[in-house]
Amino acid sequence: MRYVPILLVLAACHGPAPPEAPLLPVASANALYRVQVGDELAVRLFFTPELNEDVTVRPDGRITTQLAVSVQAAGRTPEDIAATLRTVYGAELKAPRLTVGIKTYAPVRVYVAGEVAAPGELTTEGPPPTLLAAIARAGGVRVTGDTDRVLIVRRAGANAPQIFSTRYADALSGRDASADVPLQPFDIVVVPRTDIAEVYVWVNQHFQQFVPVSWGFSYNVTPVVSSTRH
């Protein structure tokens, strides 16, 4: 994971709101999944089982089969890959009936940082977790976390980071299920501090260490006894 300058995230927290994290198209779970580097694919042909094979997606994102020298696989659905292989195999076979499935998933890594109980790397198999699932696996948002400003930092072209806003509070409350956006591999979920928590940290670092501060109020009422001489 490349280092993301913290100033970039802080600027997104306090500057203009970044664009909202995009949703994936509504479809079946299999259609939603995009093949990743390290996935093992099962290539199956109905009428020529001798060509059946299991292939692993290489670090360059491509696969090689008995009849296909190099086919892009990473970032595509199994159905897309199968369609390409049918075209390639069609040069050797007549109307090949071919399917591609996921035999084993490569580990998917996402990261949760900031005001959560257990920040760090989350590893899962299969599709990446959603926003709610990732934060739940990180132990949930701490009382100092700002649920209205949760961000997603995502790789873009040439590994330049993109920053997206989220509606985590809407997803958590159930007001809008679509707010529970799916993450992508290597996404970084950032939960910033609330403004009140930032003030407390500043006071603790710059003032409270020298002068004790009480954040509450207490009253010591002593009755006044008046005496009148006669």
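The values are calculated or read from the model by the stated rules, or taken from the named source; none is laboratory data. No experiment lies behind these values; they were computed from the predicted model shown. All Cβ positions, glycine included, derive from the backbone under ideal geometry; neighbour counts span all protein chains shown.
Looking at TYR105, TYR111 in this structure, which one is within 23 Å of PRO18 (Cα to Cα) and of a type in the set (Phe, Trp, Tyr)?
After applying the criteria, what remains is TYR111.
I'd like the residue in the range 124-153 that is touching a residue at least 60 places away in the same chain (Cβ under 8 Å) and in a strand (DSSP E or B) and, out of all such residues, is surrounded by the fewest Cβ atoms within 10 Å (Cβ to Cβ).
Only one residue tops the list, namely VAL153.
Would you point out the residue of the range 66-94, among those that are of a type in the set (Gly, Ala, Ser) and out of contact with any strand residue (DSSP E or B) (no Cβ under 8 Å at 6 or more places or on another chain), that is surrounded by the most Cβ atoms within 10 Å (Cβ to Cβ)?
Per the criteria, the residue is ALA68.
For the range 54-65, which residues satisfy the criterion of being without any contact (Cβ under 8 Å) to a residue 24 or more places away in the chain and surrounded by 15 or more Cβ atoms within 10 Å (Cβ to Cβ)?
VAL55, THR56, ARG62, ILE63, THR65
Listed residues ALA179, ALA156; which is outside the structural domain of GLY75 (by TED's automatic domain parsing), surrounded by 16 or more Cβ atoms within 10 Å (Cβ to Cβ) and either modelled with pLDDT of 95 or more or closer than 23 Å to TYR33 by Cα (or both)?
ALA179
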